[in-house]
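The values are calculated or read from the model by the stated rules, or taken from the named source; none is laboratory data. The shown structure was predicted, so the numbers you read here are calculated from the model rather than taken from an experiment. With ideal geometry, Cβ positions are generated from the backbone for all residues, glycine too; neighbour counts draw on all protein chains shown. Just so you know, the surface numbers come from the protein's heavy atoms only, side chains and all, with ligands and any DNA or RNA stripped out. Shrake-Rupley method; radii C 1.70, N 1.55, O 1.52, S 1.80 Å.
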Amino acid sequence: MLHSRVARSNIHLLTTMGSRVRVIGPPTLIPAEVGRLGVEVFHDMRAGLAGADIVMMLRLQRERMARGGMVPSAREYFRFFGLDAEKLGFAKDDALVMHPGPMNRGVEIDSAVADDPVRSVIREQVEMGVAVRMAVLDTLSRRGGRNER
Amino acid sequence: MNDSSPPAPDSFFTGVRLLDPASGLDVRGDLLVRDGRIVDLGAALGRPDGVRVIAAEDAILCPGLVDTRAALGEPGYEYRETIASAAIAAAAGGITTLAALPDSLPAIDDPALVHLLLARGEATGSLTILPYGALTRGCKGEELAELGLLREAGAIAFTDGGRAVGSARLMRLALSYARGFGARIVQHPEDPSLAGGGVATEGELATRLGLPGIPAAAEAILVARDIRLAELTGGAVHFAHVSTGEALDLIRRAKDAGLSVTCDTAPPYFDLNETAIGDFRTYAKLSPPLRAEADRLAVLAALADGTIDAIASDHQPRDADDKRLPFAQATPGGAGLVTLLAVTLAQVHGGALNMAQAIDLLTARPARLLGIEAGRLAKGAPADLCLFHPEAAWQVEAGALPGKAQNTPFDGRALEGRVLGTWKAGRRVFG
């Protein structure tokens, strides 16, 4: 989250749309004063996921675990913050799983959850991401054309 | 001892002074143990049939001591101490629970090693060992160890043992990360960049002896920094073996401000001062080094006013070859298990502490610090007990201490207060 554009964009968007947003992670990856953006902060998946409708995972950038990093190891991250069936069980029974990709399978998400045909909408999310980017680029390029005149 | 040992006999302590600082109990009376647990205690209980009777006039029965800081030598330094020999020394000192430092070889930086220490402690039958987890891999001070996995395996808190976390960035990360797991960071409070190369407290004595000095300020500087980092991160920091008045003033203020800051000290820092190194006595070479008399008095004052949360043995076993060297080259560290209670009692006899305060600092308060259910005399609690005679006199003699480590800084010290017996889960393990 500390390093995530996805997180910031989603926090701005979702809070504007009226969603309740929670952020979960080790304190070393949570930006300072993030609560001021209108989100609740948790350091424990069980408490943080309780009652959630949608669980959006973020990619753990591996270079953040390098020497002197903010997380000691991938296995520890997976144990406490990686989304597997057990942790997903803390959320609502029909909670959807999202991830902006690319995924580190076995680090922040278990393949069994990522590929779950019922719960995971990751493929759709990625597909729509392409469409949204195209739309954004199209809009900007048209507007840019107008400004030239 | 092992699983095939017969069950502990039921015991009845009679006519003893029951002292339980956790509940404020201080009364002459009796205590009954059945199946390894305390089932009743108070003034003049009826003596049941079929129990082993322990009558000890003038003796005090208190909870088994809880030692928040001791190095065991195992794994890796078995020539200094093994867990078996440490358990013998601990039992002789009335200690039934001990938090073991992780800067062994290998360092306790993997969950399997935590399991190993827990199992080895259980196998002693006399001592509960609570392993500290390494704060950084190999206790090298470079990258965080797997604190979450270590915690889950049973690590009680995290520290690099006798090595200070020198980097402010790393300490910030550690405090922040450990907060997510509700774990405390234990710091050896000595700025390594300032203390490096020193072997005694900087001052007149070190100058006369020609020894490289460590300024007392090296402690206060790191304490001040880490208090600030605890405030920044919301993490919990514990300062081990605090030895200077300046550091204690900082800790006192941080506690008053409501920060998660705690500390302990060890007997050498309130019983001895720097003059104990005398003519280069390497047994009195400790880390942190023995301090000036004014600091010793400040430590006593902080024990009396409650600023210090526990008295730890700070047991650091060394063999003769570690110590039979020129002072500057000798390995620092003193044996402390056997003498923990008696040296503390010297301050009761001297009037600096009252008996309940002293026992509180050795039982209930360290148990609270470690977050464990030990250190109390209560119905249903495990019968971990220490029976001692507060006035019985003896003399510390390096070479004649129970257990393997003989490197006591108190060699030759005349003491009053002797452990008569130690019980672990109702079984007599000493005396």
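What FRET efficiency comes out for B:Ala328 versus A:Leu37 if R0 is 51 angstrom and r is the Cβ-Cβ distance? Round to the nearest 0.05. The partial results should precede the final answer.
Working: r = 56 Å, r/R0 = 1.09.
Efficiency computed from Cβ-Cβ geometry: 0.35.
How large is the helix-only mean residue ellipticity at 222 nm for chain B, computed as the sum of -39500 (n - 2.57) over DSSP H runs with n ≥ 4, divided by its residue count, in deg cm²/dmol to the nearest 500? Working shown, then result.
Details: 14 runs with 127 residues, N = 431.
My calculation for chain B gives -8500 deg cm²/dmol from helical runs alone.
With every protein chain left in place, what is the accessible area of A:Ser9 in Å² (1.4 Å probe, nearest 10)?
Counting only protein heavy atoms, the figure is 70 Å².
Once amide H atoms are placed 1.01 Å from N in the peptide plane, what residues at a sequence separation of 5 or more from B:Thr68, or on another chain, have their amide H within under 5 Å of its amide H?
B:Ala99, B:Ser313
Name the residue from B:Ser176, B:His241, B:Ala302 whose Cα lies farthest towards the positive end of the charge dipole of the stretch B:64-370, charges +1 on Cβ of Lys and Arg and -1 on Cβ of Asp and Glu.
Among B:Ser176, B:His241, B:Ala302, the one farthest towards the positive end of the dipole of the stretch B:64-370 is B:Ser176.
Using a Gaussian network for chain B with springs between C-alpha atoms less than 10 Å apart, which of these wobbles most: B:Ala364, B:Ala405, B:Ala195?
Ranking B:Ala364, B:Ala405, B:Ala195 by mean-square fluctuation puts B:Ala195 first.
Along Cα→Cβ, 7 Å out, is where each label goes; now give me the distance between the ones at A:Asp94 and B:Ala112 in nm to one decimal.
4.6 nm
Rounded to the nearest 0.05, what FRET efficiency do A:Arg22 and B:Asp305 give with R0 = 56 Å and r taken as the Cβ-Cβ distance? Could you check? Before the final figure, lay out each step's value.
Working: r = 43 Å, r/R0 = 0.77.
Rounded to the nearest 0.05, the efficiency is 0.85.
Determine the shielding of peptide A:76-82 by partner chains: average, over its residues, the number of Cβ atoms on other chains within 10 angstrom of each Cβ.
On the way: counts 10, 2, 0, 4, 8, 2, 0.
The shielding value for this peptide is 4.
Which three extents, in angstrom, do the Cα atoms of the protein assembly as shown have along their principal axes, listed largest first?
Cα extents, longest axis first: 99, 66, 42 Å.
Farthest toward the dipole's positive end in the stretch B:356-431, which of B:Trp394, B:Ala414, B:Pro382, given Cβ charges of +1 (Lys, Arg) and -1 (Asp, Glu) about the Cα centre?
B:Pro382
Rounded to the nearest 500, what is chain A's calculated 222 nm mean residue ellipticity when only DSSP H runs of at least 4 contribute -39500 (n - 2.57) each, over all residues? Could you put the intermediate results ahead of the total?
Numbers: 6 runs with 60 residues, N = 149.
Per the formula, -12000 deg cm²/dmol.
For the stretch B:64-370, give me the percentage of DSSP beta bridges that are antiparallel, rounded to the nearest 5 percent.
That works out to approximately 5 percent antiparallel.
So if I place +1 on the C-beta of Lys and Arg and -1 on the C-beta of Asp and Glu, and nothing else carries charge, what would the dipole magnitude of chain A be about its Cα centre? I want it in debye, nearest 20.
Dipole of chain A, to the nearest 20 debye: 680 debye.
What accessible area, in Å² to the nearest ten, does a 1.4 Å probe give for A:Arg119?
40 Å²
Give me the dipole magnitude in Debye, nearest 20, for the stretch B:64-370 about the Cα centre, with unit charges on the beta carbon: positive for Lys and Arg, negative for Asp and Glu.
On the way: 26 positive and 36 negative charges, 57 e Å.
Roughly 280 debye for the stretch B:64-370.
Using modelled amide H (1.01 Å from N, peptide plane; none on Pro or chain starts), what sits under 5 Å from the amide H of B:Arg184, excluding residues fewer than 5 places away?
Under 5 Å from the amide H of B:Arg184: B:Phe158.
So, in nm, how far is label A:Thr139 from label B:Asp279 when the simple model puts each one 7 Å beyond its Cα toward the Cβ?
That separation, rounded to one decimal, is 8.8 nm.
Give me the angle, in degrees from 0 to 90, between the Cα long axis of helix B:83-92 and the longest principal axis of the Cα atoms of chain B, rounded to the nearest 10.
60 degrees
For chain B, take N as its residue count and report Rg(C-alpha) divided by 2.2 N^0.38 Å.
Numbers: Rg = 20.7 Å, N = 431, 2.2 N^0.38 = 22.1 Å.
Working it through for chain B, the quotient is 0.94.
To the nearest 20 Debye, how big is the dipole of the protein assembly as shown about its Cα centre, given +1 on the beta carbon of each Lys and Arg and -1 on that of each Asp and Glu?
Values: 62 positive and 70 negative charges, 359 e Å.
Roughly 1720 debye for the protein assembly as shown.
What ranking, highest mean first, results for peptides B:176-185, A:108-117, B:9-18, B:391-400 when packing means the other Cβ atoms within 10 Å averaged over each residue?
Values: B:176-185: 21.9, A:108-117: 16.8, B:9-18: 19.4, B:391-400: 12.8.
Ranking the peptides B:176-185, A:108-117, B:9-18, B:391-400 by packing returns B:176-185, B:9-18, A:108-117, B:391-400.
In the Gaussian network model of chain B, springs joining C-alpha atoms below 10 Å, which of B:Gly121, B:Gly76, B:Gly133 carries the largest mean-square fluctuation?
The residue that fluctuates most here is B:Gly76.
What's the lysine pair count for chain B at a Cα cut-off below 27 Å, pairs eight or more apart or interchain? Numbers along the way, then the final one.
Working: B:Lys140/B:Lys285; B:Lys140/B:Lys323; B:Lys285/B:Lys323; B:Lys285/B:Lys404; B:Lys323/B:Lys404; B:Lys379/B:Lys424; B:Lys404/B:Lys424.
The number of close lysine pairs in chain B is 7.
Need one number: nm distance between label points at B:Ala320 and B:Glu204, each 7 Å from Cα along Cα→Cβ, rounded to one decimal.
Here the modelled spin labels are 3.7 nm apart.
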